[in-house]
Amino acid sequence: MALGSSRLAACLEYILMHRILLVDDDNTLTEMVREFLELEGFCVDCVGDGPACLGSDLGNVDLIVLDVMLPALSGFEVLKRIRKISHIPVIMLTARGEDVDRIVGLEIGADDYVPKPVNPRELVARIRAVLRRTVSSGLGPAGDIAVGEIRVNAASRNAWAHKGRLDLTTAEFNLLEYLLRNAGRVLSRDELSAAALGRQLSTGTADRNVDTLVSKVRRKLGPASDLDQRIKTVRNVGYIYALPEP
């Protein structure tokens, strides 16, 4: 049965859990901002200096909130190094009021700039605005597709379940990515075969290959008790990746 527009909107809002990396050595500030962002539906990790930021798994992050005044490496230097390897959105925080610092940050590659003391509501609004811009431009958040606790990154070809990285073959990743992109829609075995293997096979061969791939992906996604919440078999047709209940 097709989802009503209100329920579909609720499902989409539920599954889009953006992951924010907050980089600041002010523990009081980071805890305050973390609490506010989590109440707004974001997943937040905090680190206290530049090396810790650069050592993080940036492929598992949708946006970085980066303080300019950091120990070891300045926020500007951290941003320069990030831009050599990633287009991940970055919002910079600073206690400075000079326009030159804001301009330098933007020229280096910052997506936005928020002065301290931070107004949490303004920060949330700016985070959402940057994420909307990067998604609409096709730059981010780095090709992420998420449904419930399962997430794939099309750019890096990584997949995660419950924050743990999955070990998938090329065909298994292709299958999972296609299922997530089309979550809530029934997909035929022929369609899944073409998506996973890059070619159409005879009906019998496609059925066997897809069934085997689905079985393997199901096992890697989690325990059997969770299966009815994910990839469901549609008798005589194919499979559907079920949207979570809002």
Filter segment 49-63 down to residues that are hydrophobic (A, V, I, L, M, F, W, C) and more than 9 Å from VAL78 (Cα to Cα) and give me whichever is modelled with the lowest pLDDT. LEU58
List pairs: first in segment 167-184 and more than 14 Å from LEU221 (Cα to Cα) and buried (at least 18 other Cβ atoms within 10 Å of the Cβ), second among the hydroxyl-bearing types (Ser, Thr, Tyr) and modelled with pLDDT of 85 or more, Cβ under 8 Å, 6+ apart or cross-chain? ALA183/TYR241
Go through segment 17-44 and report how many residues are assigned to a helix (DSSP H, G or I) and open to solvent by 70 Å² or more (accessible area, probe 1.4 Å). 7
Quick check on segment 53-68: of everything there that is open to solvent by less than 40 Å² (accessible area, probe 1.4 Å) and without any contact (Cβ under 8 Å) to a residue 40 or more places away in the chain, which residue is farthest from ALA155 (Cα to Cα)? VAL68
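The values are calculated or read from the model by the stated rules, or taken from the named source; none is laboratory data. Remember, predicted model here, so these are calculated numbers, not experimental data. Backbone-built Cβ (ideal geometry, glycine too); neighbour counts: all protein chains shown. Only protein heavy atoms, including side chains, enter the accessible area calculation; ligands, DNA and RNA are left aside. Shrake-Rupley method; radii C 1.70, N 1.55, O 1.52, S 1.80 Å.
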